[in-house]
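So the structure is just underneath, and the comments pick up after that.
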Amino acid sequence: MAETPAPAMRMAEPISPGAVLQMLLGLALVLLVIFGLGWLLRRVSVLPGQHPKLKIVASLALSNRERVVLVQVGDEQVLLGVAQGQVSLIKSFDEPVIEPVVRGSSEFSKRLQQALKKERSS
């Protein structure tokens, strides 16, 4: 009785170029989704504690734990001292000391919007 050897089954390589490419594409997709959701949350501004009439205009670190923060509250600005576990009002200003920066008002942003409008109309 002669035994015939069974056909050898070919095992796939665990680290083949196709497997590495598939892994990298999956990782890129996950990172893209994470950054996309983060961007969307910032744009929609539905995060708790955010209000359109309350904005941080400027901030200056005095040390590792102390800061001075200028906050826009409605039409007035307040200067706050922030330390570990404590927030103190330093001064309140009826007129803006520093004009708040409006997002999307930079020269680059304006040119980018113009270029996008031209591309859409073409």
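Nothing in this text is a laboratory measurement; each read-out follows from the coordinates by a stated rule. Because the structure is a prediction, the values reported are computed rather than measured. Quick reminder, even Gly has a Cβ in these numbers, built from the backbone with ideal geometry, and neighbours come from all protein chains shown.
Summary of computed values
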item	result
Extended-chain gain in nm, criterion 0.36 nm per residue less alpha-carbon gap, GLU76 and ILE90	3.7 nm
nm² value of the averaged projected area, convex hull over the Cα atoms of segment 52-122	6.9 nm²
Virtual spin-label span in nm between LEU25 and LEU41, 7 Å along Cα→Cβ	2.9 nm
Set of lysines near LYS118 by C-alpha distance (under 28 Å), chain-local residues within fewer than 8 positions excluded	LYS110
